[in-house]
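Here is the structure we will look at.
Coordinate-derived values only; no laboratory data. This structure is a prediction, so every number in the text was calculated from the model and none was measured. Reconstructed Cβ throughout: ideal geometry from the backbone, glycine too, with neighbour counts over all protein chains shown.
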């Protein structure tokens, strides 16, 4: 053992960083959400109070205290008051800062502030073993057994409605899912793999089925990927928010990566949401590996944001792309996306259903089979355009001549001939190859 020159033992003194407590500030929000996410991953169970409710309480009159070491926020405690009762809704500690007494200090300060507001009964509702449990027990709290927690969640509360409007989101009208005609095989796959586990989470848990958190839809343009995403939101009655990469690129001073991070931070305040990103290849394309690649940082940012998004229940990320082969391989790995689902061109049965959807009652005598055969390379969007064009031709004829002639087969065939199909032989070949290589469902 080392000795000093005088023969005395040298004692190694390790100085532990000390923390201090202060009030929560708005600029603490990003770090506080990071710590909340870390705790959720460590606890492996959903929190009783979602992050949106905790954030609302932190910004309101409920006492909120943070622990900092230097300039780093390492812990946070949030409470709410209801008359003479107070609820501790969050005790969260950063990784590496647990078991140092910080949690107990945060609770003691929260108690002091609650008592000053007239609170005499303080409770905390946690899942077994959650972060904060030990600190509560050390602070004199006792668990009460024999209680059953009941909860019913309305997917869009009053506070969420304003935020949803700010994000450009909306509630999709009910019944859209049922009205999606054609593409029945794709619809059935999405119903079984995505919708049912999210619509019946208790039954899914009973059978060991983990509801999906993120999926990719790929296929040629116009095949209905956006319609299916909106249909899922309608089916689940969840808020629907679409992020447009082109708008994000022009919305902020810090560039696309910063705008993307800010958008996900805002979305974290929504308790329930379907987030849809179309043409995701614009922000998740294959990285070149060179330092000057402008898309490198954007793809990296999105790869970092997805795990945090996946940590929350009642949220689903749907990304759509026309070219799945152009996505970065890291983006496609299992663990980020649960399913990679092809949405291909409609077969004759699907084209029949799509034509039936868009033909008006006045066109009852149209030869549907001829329209289906003539529109072989059409997507559902192409069929919709041709159907409207044929109806417009008949309408203009009626305005001009007033003979009461309904739209005819020839009206629609002429419209088909004047519509450039989205699909090409090369597009179909690429889609078949991508389906063989990338499908995961």
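Given 37 °C and 0.692 mPa s, compute D for the range 158-344 with the Stokes-Einstein relation, Rh being the Kirkwood radius over Cα pairs; round to the nearest whole µm²/s. So the translational diffusion coefficient is about 193 µm²/s.
Between residue 149 and residue 325, the simple label model (points 7 Å from Cα in the Cβ direction) yields a spacing of 4.9 nm. How far, in degrees from 0 to 90, does helix 294-310 lean away from the longest principal axis of the Cα atoms of the chain, to the nearest 10? Helix 294-310 sits roughly 70 degrees off the main axis of the chain. Full extension of the chain segment joining residue 18 with residue 82 gains 19.7 nm, where the gain is 0.36 nm per residue of separation less the Cα-Cα distance. To the nearest Å, what is the center-to-center distance of the range 334-357 and the range 403-429, using C-alpha atoms only? First find each Cα centre; the distance between them is then 21 Å.
Restricting attention to the chain, close to 50% of DSSP beta bridges with both partner residues there are antiparallel. Counting every Cα pair in the chain, what percent are over 30 Å apart? So the portion of pairs separated by more than 30 Å is 57 percent. With contributions of -39500 (n - 2.57) from each DSSP H run of at least four residues, the per-residue ellipticity at 222 nm computed over the chain stands at -12500 deg cm²/dmol. Of the beta bridges in the range 158-344, as assigned by DSSP with both residues counted there, near 15 percent are antiparallel. Once you reduce the range 124-147 and the range 171-191 to the center of their Cα atoms, the two points are 44 Å from each other.
Stretching the chain fully between residue 170 and residue 244 yields a gain of 25.2 nm (0.36 nm per residue, less the alpha carbon separation).
Applying 1/(1 + (r/R0)^6) with R0 = 41 Å to the Cβ-Cβ distance of residue 436 and residue 31 gives a FRET efficiency near 0.35.
Relative to the first principal axis of the alpha-carbon coordinates of the chain, what is the inclination of helix 102-116, with its axis defined by its Cα atoms, in degrees from 0 to 90 and to the nearest 10? Approximately 90 degrees, to the nearest ten. Length, then width, then depth: along the principal axes, the Cα atoms of the range 48-112 run 34, 24, 22 Å. For the pair residue 137 and residue 377 in one chain, pulling the backbone fully straight at 0.36 nm per residue adds 79.7 nm over the alpha carbon distance.
Summarising the label geometry, the points placed 7 Å from Cα in the beta-carbon direction at residue 398 and residue 313 lie 5.3 nm from one another.
Taking the C-alpha atoms only, the angle from helix 425-438 to the longest principal axis of the chain is near 30 degrees. Can you bin the range 20-138 into rounded, prolate or oblate? Criterion: square roots of the alpha carbon gyration tensor eigenvalues sorted a ≥ b ≥ c, rounded for a/c under 1.5, prolate for a/b above b/c, oblate for the rest. Judged from the Cα gyration tensor, the range 20-138 comes out rounded (a/c under 1.5). Label-to-label distance for residue 200 and residue 426 is 4.6 nm, based on points extended 7 Å past Cα in the beta-carbon direction.
Remark: 306, 194 ranked as 306, 194, counting other beta-carbon atoms within 10 Å and listing the fewest first. Using the Cβ-Cβ distance between residue 356 and residue 192 with R0 set to 22 Å, the FRET efficiency works out to roughly 0.35.
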